[in-house]
Amino acid sequence: MKDHPGPIEGADALAELVRAYNPRSDGALIRAAYAYGERMHEGQRRRSGEPYFTHPVAVAGILAGQRLDDATIITALLHDTVEDTGSTLDEIEGLFGAQIAELVDGVTKLTNLQLSSVETRQAENFRKLFMAISKDMRVLLIKLADRLHN
């Protein structure tokens, strides 16, 4: 995956980055997702001490560097909200639509895998990966960008 053009400095910068390659982009929805994710992760810190929300923004930037669609960028901004905050899939669906809620759910399911044996874990990881890809390839792209940034 290519690197994004540099650190994203705010919702407007991200919306403009996406609009540069997708003139039909919904900048208002990207800004709303940015604000929601920032609010939900408020007070959380990464191990480095920087605000946690810098991670979802960096993942969104990586995916914008790949010229991906609005739903993928928005999901990147929200990908850790259900797992790490008080956010719910129902709330995300109400605010951002069923497609984005399904993408967030797919990324969360790939993240939350914990099994007993190495062989079982590996087999289940492949099963989850194939299920996620069969539903929507963007889940895999978001997860890869997430791992790349981490």
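State the volume of the convex hull built on the alpha-carbon positions of segment 32-126, expressed per residue in Å³ and rounded to an integer.
Value for segment 32-126: 125 Å³ per residue.
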Next on the checklist: What does the extension gain come out to for Arg19 and Glu91, with contour length at 0.36 nm per residue minus their alpha carbon separation?
Outcome noted: 23.3 nm
Next on the checklist: So with the 1.4 Å probe, I'd like the accessible area per residue for segment 10-123, rounded to whole Å².
Outcome noted: 48 Å²
Item to check | Ala32 paired with Arg147, simple spin-label distance in nm, labels 7 Å along Cα-to-beta-carbon | outcome: 3.3 nm
Checklist entry - Calculated FRET efficiency, Glu9 and Met137, Cβ-Cβ r, R0 41 Å, to nearest 0.05? => result 0.90
Item to check | Hz values of 3J(HN,Hα) by residue in segment 14-25 - Karplus curve (6.51, -1.76, 1.60), Gly and Pro given as x | outcome: 5, 4, 6, 4, 5, 4, 4, 10, 9, x, 8, 4
Item to check | D (Stokes-Einstein, µm²/s), Kirkwood Cα radius, segment 34-82, 0.692 mPa s at 37 °C | outcome: 302 µm²/s
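The values are calculated or read from the model by the stated rules, or taken from the named source; none is laboratory data. A quick note: this is a predicted structure, and the numbers were derived from the prediction, not measured. Here Cβ is always computed from backbone atoms with ideal geometry, including for glycine, and neighbour counts include all displayed protein chains. Quick note on the areas: whole protein, heavy atoms, side chains included, nothing else; ligands and nucleic acids left out. Shrake-Rupley method; radii C 1.70, N 1.55, O 1.52, S 1.80 Å.
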